[in-house]
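Engineer: Below is the structure I would like to discuss, written out as structure tokens.
The values are calculated or read from the model by the stated rules, or taken from the named source; none is laboratory data. Computed from a predicted model, the values in this text were never measured in an experiment. Cβ placement follows ideal geometry from the backbone for every residue including glycine, while neighbour counts extend to all protein chains displayed. For the accessible areas, the whole protein counts, side chains as well, though only heavy atoms, and no ligand, DNA or RNA atoms are used. Shrake-Rupley method; radii C 1.70, N 1.55, O 1.52, S 1.80 Å.
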Amino acid sequence: LSLSERLVLSPKHSFSIISRFSSLSMSADSTDSSADDAPFRVLGVCGGIGSGKSTACKLLVKEGNCLAHLDADSMAHSVYAPGSQAVQDVVAEFGSDIVKNNPEQNESNAGMEIDRKKLGAIVFADRSAMAKLEKIVWPHVKTLIIEQINNLRAEWMLAQKEEKSQEAKRPIVILEAAVLLDAGWDDLLDGVWVVTAPQEVALDRLVETRGLSKEEADKRITAQGSRRGIGTLQEEIDKGIVTGVIENDGGLEELTLSLKSALDDTKFWKPKH
């Protein structure tokens, strides 16, 4: 499911790794702080369903000693808080019929809450409606992400000034988001890694971990692949959008070793200017 789909609907494995990269001709700032704050960096990790991106992100923190792991899908649920600006924007686009009947709601919209089943019935039946929802939701999610990154940066910088030990943590924040590139969040990142897996491997993982039939798993993989809005992975590499590709189809130990190696390889990061 896409980030927007998960927002509408919702109130461990072994892999091997082959890493590839492309050099970039440009880079973007990671939040509104100066690039001079290096070595603090933000690494974006994305990938298709069943690719193992979540496991890779957890390993980057646990075994790679990165500072923190931000899961955009988990963070995004708060944008639908009753009365939030995102809720008001969604209602303005899709109409008051998607609003729950809430006796506490007042003229200030403080209690306005979206009925996700009603919204889902609209956006799941019409791809253009889903695109409208994403256009509304993604900027609000990005604001939350920026706040979290800046808070982590401030905490890290304060610890550096006070010479407090960070338990040998690398000053790298991992941002996990399936829609990382589609949502246009590349400007927050110092590197973008895409985790991939052969379709049969991804199918087996979905069957094992989510209890899906092979047919159901195949439909989910196909649906997700058909809605990418940037281009093929090779095009993203050639354009310098993606700085590293992590191919997972074998052992967890190999994955861990390769992730550690990639963290220290400058070719897996945007070049400094």
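Engineer: Just to verify a number: what accessible area does His77 come out at with the full protein assembly present, 1.4 Å probe, Å² rounded to tens?
Structural biologist: Spelled out: His77, probe radius 1.4 Å, area about 50 Å².
Engineer: Rank-order 235-245, 254-264, 183-193 by packing density, defined as the average count of other C-beta atoms within 10 Å over each peptide's residues, highest first.
Structural biologist: Ranking the peptides 235-245, 254-264, 183-193 by packing returns 183-193, 235-245, 254-264.
Engineer: If you don't mind, there's one more thing I want to ask. Can you work out the Karplus-derived ³J(HN,Hα) for every residue in the range 142-155? Use 6.51 cos²θ - 1.76 cosθ + 1.60 with θ = phi - 60°, whole Hz, and x for glycine or proline.
Structural biologist: Per residue, the Karplus-derived 3J(HN,Hα) values read 4, 4, 5, 4, 4, 4, 5, 5, 5, 5, 5, 4, 5, 5 Hz.
Engineer: What shape does the range 118-207 take by its C-alpha gyration tensor, where a ≥ b ≥ c are the square roots of the eigenvalues and a/c under 1.5 counts as rounded, a/b above b/c as prolate, and the rest as oblate? Let's see the in-between values first.
Structural biologist: Working: a/c = 3.08, a/b = 1.62, b/c = 1.91.
Note, shape of the range 118-207 comes out oblate.
Engineer: Separate question: Counting only residues 5 or more places away or on other chains, whose amide H sits under 5 Å from the amide H of His69 once H atoms are built in the peptide plane?
Structural biologist: Ile174
Engineer: Return the long-range amide H neighbours of Gly111 (sequence gap of 5 or more, or a different chain), with a cut-off of under 5 Å between placed amide H atoms.
Structural biologist: Amide H neighbours of Gly111: Asn106.
Engineer: Sticking with this one: Measure up Lys169/Lys239; Lys53/Lys270; Lys135/Lys214; Lys219/Lys272; Lys53/Lys214 against 30 Å on the Cα-Cα distance and list the ones that go over.
Structural biologist: Numbers: Lys169/Lys239 32 Å; Lys53/Lys270 20 Å; Lys135/Lys214 32 Å; Lys219/Lys272 41 Å; Lys53/Lys214 20 Å.
Correct reply: Lys169/Lys239; Lys135/Lys214; Lys219/Lys272.
Engineer: Then there's this: Just to confirm the filter: which trypsin sites (Lys or Arg not before Pro) across the range 135-206 are DSSP coil and have at most 16 other Cβ within 10 angstrom of their Cβ? It would help to have the intermediate numbers written out before the result.
Structural biologist: On the way: sites: Lys135, Lys142, Arg153, Lys161, Lys164, Lys169, Arg205; in loops: Lys164, Lys169.
The qualifying sites are Lys164, Lys169.
Engineer: Using the Cα gyration tensor of the range 172-264, with a ≥ b ≥ c the square roots of its eigenvalues, what is the shape: rounded (a/c below 1.5), prolate (a/b larger than b/c) or oblate (neither)? Don't jump to the answer; show the numbers that get you there.
Structural biologist: Working: a/c = 2.08, a/b = 1.26, b/c = 1.65.
Since a/c reaches 1.5 but b/c is at least a/b, the shape of the range 172-264 is classed as oblate.
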